1. If each DSSP helix of 4+ residues adds -39,500 (n - 2.57) and the sum is divided by the residues in the chain, what number results at 222 nm, nearest 500 deg cm²/dmol?
2. Using a Förster distance of 51 Å, how high is the FRET efficiency between Asp66 and Ser292, based on the Cβ-Cβ distance and rounded to 0.05?
3. Give the ranking of Met235, Met99 by solvent-accessible surface, highest area first, calculated with a 1.4 Å probe.
4. Looking only at segment 1-18, which residues have a backbone nitrogen under 17 Å from a spot 7 Å from the Cα of Ser103 in the C-beta direction?
5. Express the accessible area of the chain per residue in Å², computed with a 1.4 Å probe while the remaining protein chains stay in the model.
6. Calculate how many DSSP beta bridges within the chain are antiparallel, expressed in % of all such bridges and rounded to the nearest 5.
7. Mind ranking 293-304, 165-176, 19-30 by how tightly packed they are, going by the mean number of other C-beta atoms within 10 angstrom, highest first?
8. Please report the spacing between the Cα centers of segment 173-215 and segment 1-61 in Å, no decimals.
Amino acid sequence: MKRIYCTPDDLLRIRVGAPLGAIAETMLATRVVQRRNVAGFAGWRSQVRGAMPANFGVLADILPADDSFLDLITPTRGARSISAGIEALHLASRDELRMELDSVIRSRAREGQAPLPAWTAELSDRDGTARRTVADAVEAFHSVAFAGRWSHIQTYLEQAAERMAHTLATEGVERLLADLHPYVSWRAPVLEIHRQHDCTHDEHLDGRGLVIIPSLFAWPQPLTLMSLVDKDAPMTVIVPALRDINDFTAAWGPRAPNEALTALLGRTRAAALQVIAEGCSTTELARRLGVSPATASEHASILRESGLIDSWRHRNAMRHEVTTLGAALLDGNLGSNVRIA
């Protein structure tokens, strides 16, 4: 169990944060797929393990199912898309990654676990190959793990964060903490996070506050993360957004056909937007649509000019991903506060 002691200043500084983003959720999914007792994810785990990318071992080395995983979430949190997350990983502080590596090395030695592979030492070298190796592995596993549903899941997590923020604003911080999760207990001034291991670990926030974030793949207990380079930064508590099978269905369910979107964009261009929601290059888009690369490029250009996708060059390929507006159109969730230019 972890006991987090909150001062009155901490309670004033508790807030609900935005969802972690694509790269962080992919890293958490890496841990879940390696577990055996994951009843809520059994079907997902079976499908993913049947299509595991060849370079998954890179992620398994640094993100095992136990608690001694390398925290690359804190340095990249807030990056909504895979591309933004990969850029954040490349730009992460050398000192921060070195401190994270040292922390995991000490933890594994203390628990009698195998040490990190030698190649991980190069992660603190910004110009080395290790970060590119991890980035490639994350990108490959993301495509398998989310199977084109990321924009839907992202919307689900954003709505979960909005509900939590509404509770905080209308009913107060104590109500938010009391209803946070079955594995969390609030007994003022202590927030208790129950874990599977028996040891108890105390944390004193001393006015730093908490950021609470809902997550799909923080499972089954909440996770706590802290910056090793900024001692004044708030602790992050990552809370499972799923409580039961109905939540899983809502978060993961297949996207219903959107005939209005087809009428708006045309069948081929609507199909292009759906393919791009999975993250793809122009060549991959052409292959999936059964058109020439020139035609695929033209579709992508029109979608980009409409504000529905973003594009960037990665090595020798042009990569595409949906924008917030594009995701809202795909999910049929275009609220009154969203306008098409």
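The values are calculated or read from the model by the stated rules, or taken from the named source; none is laboratory data. Source: prediction; values computed, not measured. Heads up, the Cβs are rebuilt from the backbone with ideal geometry, glycines too, and the neighbour counts pull from every protein chain shown. Remember, those area values only see protein heavy atoms, side chains included, never the ligands or the DNA or RNA. Shrake-Rupley method; radii C 1.70, N 1.55, O 1.52, S 1.80 Å.
1. After summing the helix terms and dividing by the residues of the chain, the value is -14000 deg cm²/dmol.
2. 0.55
3. From most exposed to least exposed: Met99, Met235.
4. 2-5
5. It amounts to 48 Å² per residue over the chain.
6. Working: 19 of 31 bridges.
Of the beta bridges lying entirely in the chain, close to 60 percent run antiparallel.
7. Values: 293-304: 17.8, 165-176: 14.6, 19-30: 25.2.
Highest mean packing first, the order is 19-30, 293-304, 165-176.
8. Between the Cα centres of segment 173-215 and segment 1-61 lies a distance of 17 Å.
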